[in-house]
Amino acid sequence: MVARTGAVRPASFAGAPDIADLCWGLGTVIAVVPAVVRVLAAVQQGHAGVDLIAVLTLGGTLAVRSTWPGR
């Protein structure tokens, strides 16, 4: 996540929003994959925690291509 933020902010400030959005999206996909695996395993055991909310939130932001809150 730190690497994602480290690439997004300079690209955004440099006037390259497409590159910033791409970096954000790739970083999010990389973070979501293990979270989805963890959530599916927990749901199969009858548990649903805050990781489920995080996966839904990140999936939603990817679906609507919202890379910055409030934008």
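The values are calculated or read from the model by the stated rules, or taken from the named source; none is laboratory data. In this text, all values refer to a predicted model and were calculated from it rather than measured experimentally. Backbone-built Cβ (ideal geometry, glycine too); neighbour counts: all protein chains shown. Ligands, DNA and RNA are excluded from the accessible area calculation, which covers all protein heavy atoms including side chains. Shrake-Rupley method; radii C 1.70, N 1.55, O 1.52, S 1.80 Å.
Quick look at the numbers
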read-out: Yes/no for L56 being open to solvent by 50 Å² or more (accessible area, probe 1.4 Å), under 15 Å from the mean Cα position of the chain (by Cα) and at pLDDT 80 or above; value: yes
read-out: Matching entry among I19, I30 (being at pLDDT 85 or above, part of a helix (DSSP H, G or I) and open to solvent by 80 Å² or more (accessible area, probe 1.4 Å)); value: I30
read-out: Inter-residue pairs, beta-carbon under 8 Å, first more than 25 Å from R65 (Cα to Cα) and in segment 25-49, second open to solvent by 50 Å² or more (accessible area, probe 1.4 Å), 6+ apart; value: A42/A48; A42/D51; A42/L52; V43/L52
